[in-house]
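Down below is the structure, laid out as C-alpha cells.
The values are calculated or read from the model by the stated rules, or taken from the named source; none is laboratory data. Since we're looking at a predicted model, the values are computed, not measured. Cβ sites come from the backbone with ideal geometry, for glycine too, and all protein chains shown count toward neighbours. Heads up: the accessible areas ignore ligands, DNA and RNA and are worked out on the full protein's heavy atoms, side chains in. Shrake-Rupley method; radii C 1.70, N 1.55, O 1.52, S 1.80 Å.
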Amino acid sequence: QRLKAAVHYTVGCLCQEVEEDKDVQFSKQSIAAISEITFRQCEIFAKDLEMFARHAKRTTVNTEDVKLLARRSNSLLKYITQKSEELASSNMEQKEKKKKKSSAAKGGRILEEQEAAVTENEDSNMA
C-alpha cells in the first residue's frame, strides 16, 4: 500500500512538471489512472524479471534480465546497457584500489618482518 502511494505521489509530481512545461492540465482521475497503470506495469515487470532469473536457474535478478525486459525499447535498452557498463567499470576500479591497498599493507608487513629478522640476526652475530 505504501509503495502504491509512493508511485501515485511520483506520478503526480511528474504530471505537475509536464503541466508547467507543456501548459496542460491533468485531472485527479487521470493522475490516478496513470498511477494505477504504472503500478500494474511494474508488477508485471517484477514477475517477468523473476521468471527470467528462474529460467536461468538463478535466484537473483541481474542486469542481463533487465536488458531482456527492456529489449522492446531501443532507447531504454541502450541506456541500461550504458549504465551497466559504467557500473561494471566503476566496480573494477574499486576492486583494483582494494587490491593495491591490501598488497601494499602485505608488503609493509613483509618489510617489517624482514627488518625484524635482520635486526635479530645482527643481534645474534654480535653475541
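For every residue, the table says whether it meets (1) in contact with a Cys (Cβ under 7 Å, 6 or more places away or on another chain); (2) closer than 30 Å to residue 81 by Cβ; (3) not aromatic (Phe, Trp, Tyr).
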| position | (1), (2), (3) |
| --- | --- |
| 12 | no, no, yes |
| 20 | no, no, yes |
| 24 | no, no, yes |
| 29 | no, no, yes |
| 39 | no, yes, no |
| 47 | no, yes, yes |
| 59 | no, yes, yes |
| 66 | no, yes, yes |
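For the range 14-65, what are the residues that are under 20 Å from residue 77 (Cα atoms) and either assigned by the TED database to the domain that holds residue 84 or among the basic types (Lys, Arg) (or both)?
47
Condition test on residue 25, is it part of a loop (DSSP other than H, G, I, E, B), exposed (fewer than 10 other Cβ atoms within 10 Å of the Cβ) and of a type in the set (S, T, N, Q)?
So residue 25 fits the description; yes.
Do you know which residues across the range 87-127 are modelled with pLDDT of 85 or more and either open to solvent by less than 70 Å² (accessible area, probe 1.4 Å) or closer than 22 Å to residue 45 by Cβ (or both)?
Within the range 87-127, 87, 88, 89, 90 meet the criteria.
Could you list, in sequence order, all residues of the range 38-77 that are surrounded by 12 or more Cβ atoms within 10 Å (Cβ to Cβ), hydroxyl-bearing (Ser, Thr, Tyr) and under 24 Å from residue 11 (Cα atoms)?
Across the range 38-77, the qualifying residue is only 38.
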